[in-house]
1. Does LYS193 satisfy the condition of being more than 19 Å from the chain's Cα centre (by Cα), modelled with pLDDT of 95 or more, basic (Lys, Arg) and over 24 Å from LYS272 (Cα atoms)?
2. Evaluate segment 189-198: report whether one residue or more is of a type in the set (Lys, Arg), under 29 Å from TYR91 (Cα atoms) and crowded, with 17+ Cβ neighbours inside 10 Å.
3. Quickly run through segment 163-188 and pick out the residues that are surrounded by 15 or more Cβ atoms within 10 Å (Cβ to Cβ) and aromatic (Phe, Trp, Tyr).
4. Pairs, please: C-beta under 6 Å, at least 6 apart or cross-chain, first residue within 24 Å of LYS167 (Cα to Cα) and in segment 29-47, second in a loop (DSSP other than H, G, I, E, B)?
5. Scan segment 59-75 residue by residue and report those that are surrounded by fewer than 16 Cβ atoms within 10 Å (Cβ to Cβ) and modelled with pLDDT of 80 or more.
6. Any residue in segment 72-97 that's farther than 20 Å from GLY174 by Cα: show its pairings with residues that are assigned to a helix (DSSP H, G or I) and hydroxyl-bearing (Ser, Thr, Tyr) at Cβ separation under 6 Å, as long as the two are six or more apart or on different chains.
Amino acid sequence: MFWHVVAASVFIAAAGYIINDYFDLNIDRINKPNKLVVEKIIKRRWTIVWHLVLSIAGILISTITYLHLPDWHTLLAAIINLVCVAALWLYSTTYKRKLLTGNLLISLLTAWVILILYLVNLKSWFAVKVMYEVKHNYEMAAVKLFKYAILYAGFAFIISLVREVIKDMEDIEGDAKYNCKTMPIVWGIPATKVFVAVWIVVLVGALIVIQFYALHLGWWWSVVYCVVTIIAPLIWILQKLYKAQVPKDYHLLSTAVKLIMLTGILSMIFFKIYA
């Protein structure tokens, strides 16, 4: 079931990227003229076809997963995946151009990718394992697993929100020309930097608290990994954010945030090692 869930999420996310590029073609001609996909690589009319194909594929896989594992977890996942397809369409057509709404929507969808794994796969797998191995500790173990899911979903939400707002600062020229109401346009760059900095400080603070808990458990390598690949880069981004002035600076920060997303996901391996 794990790969079914991953495939559905990948297809739906890819469909979202495609439809976003379709509606953002004019803006992208200004913000990233050398990285256009629509029209240069894929004809514009074919982007709609690919969006429909990938969206339907994601929904079908979610439905098949529910039919194969018919419980409320997979039913909820299938329904919300259908909602995600609609949400990504609305994001591309409407919410992306509105103050904060689009940023929050994408951040929530990113967090959902973590939660769907918990609902459909991890919880089902762990429940079976617990029933056969440590049945008397089932409730305690299930609660612990839920905490891990919330922890990573929270991380995904905040780091995605940070990246989305940084991207808005990078794309301010094209967004302003086409009357978008993104945070840098409405609030200004200085206030937007403060917004991003606050969320980075919150995330770093939360991660530091978690490291003290990990140290208490003896997860030394996990702490080293988190400090070196997540906390230290976040502090570096915070410093660079203050000095950033041109789109190139914000693009560097956006790329760094994507790398932190990756290292954050890879940190799950330590739960496999220690938990």
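The values are calculated or read from the model by the stated rules, or taken from the named source; none is laboratory data. No experiment lies behind these values; they were computed from the predicted model shown. All Cβ positions, glycine included, derive from the backbone under ideal geometry; neighbour counts span all protein chains shown.
1. Values: more than 19 Å from the chain's Cα centre (by Cα): yes; modelled with pLDDT of 95 or more: yes; basic (Lys, Arg): yes; over 24 Å from LYS272 (Cα atoms): yes.
In short, yes.
2. Applying the first criterion (of a type in the set (Lys, Arg)) to segment 189-198 yields 193.
The next check asks that each one be under 29 Å from TYR91 (Cα atoms); those that pass are 193.
In the following step, the residues that additionally are crowded, with 17+ Cβ neighbours inside 10 Å were identified as 193.
Yes - at least one qualifying residue is present in segment 189-198.
3. TRP187 - this is the single residue of segment 163-188 that is surrounded by 15 or more Cβ atoms within 10 Å (Cβ to Cβ) and aromatic (Phe, Trp, Tyr).
4. Sorted first by the residue in segment 29-47, then by its partner, the pairs are ASN31/ASP171.
5. Keep residues of segment 59-75 that are surrounded by fewer than 16 Cβ atoms within 10 Å (Cβ to Cβ), which gives 60, 64, 67-68, 70-72.
Hits for segment 59-75 are LEU60, ILE64.
6. Short answer, once both residue conditions are applied: THR74/THR65; THR74/TYR66; LEU75/TYR66; ALA78/SER62; ALA78/THR63; ALA78/TYR66; ASN81/SER62; VAL85/SER55.
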